[in-house]
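Computed from the coordinates by the stated procedures, all read-outs in this text should not be read as laboratory data. Being a predicted model, the structure only gives us computed values, none of them experimental. As a convention, Cβ positions derive from the backbone with ideal geometry for all residues, glycine included, and neighbour counts pool all protein chains shown.
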Amino acid sequence: MIPCAITARTKQGVYTYTGLFQKTVEAKSDAYRRFGFPAVIAVTAIHRKSMRNNTHPSPPRAA
């Protein structure tokens, strides 16, 4: 399973959600089912390293 961030831009606004999918193509088809075909869909795979950095941000470095 691949954690993915999906961004959908529609006439009503911009929506972002995350989910676990087998493939990024599956994530895109899920987004089209939710928002319809006029929507602009962007799927980003979240890699394990970036997930770890997001959940445990490193402290700011002293100048």
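Taking 0.36 nm per residue of sequence separation and removing the Cα-Cα distance, the Tyr15/Arg34 pair yields an extension gain of 5.8 nm. Which shape class applies to segment 2-55: rounded if a/c is under 1.5, otherwise prolate when a/b exceeds b/c and oblate if not, where a ≥ b ≥ c are the square roots of the Cα gyration tensor eigenvalues? Because a/c hits 1.5 or more and a/b fails to exceed b/c, segment 2-55 counts as oblate. Judged by the mean number of other Cβ atoms found within 10 Å, the most tightly packed of the peptides 28-35, 2-9 leads the ranking 2-9, 28-35.
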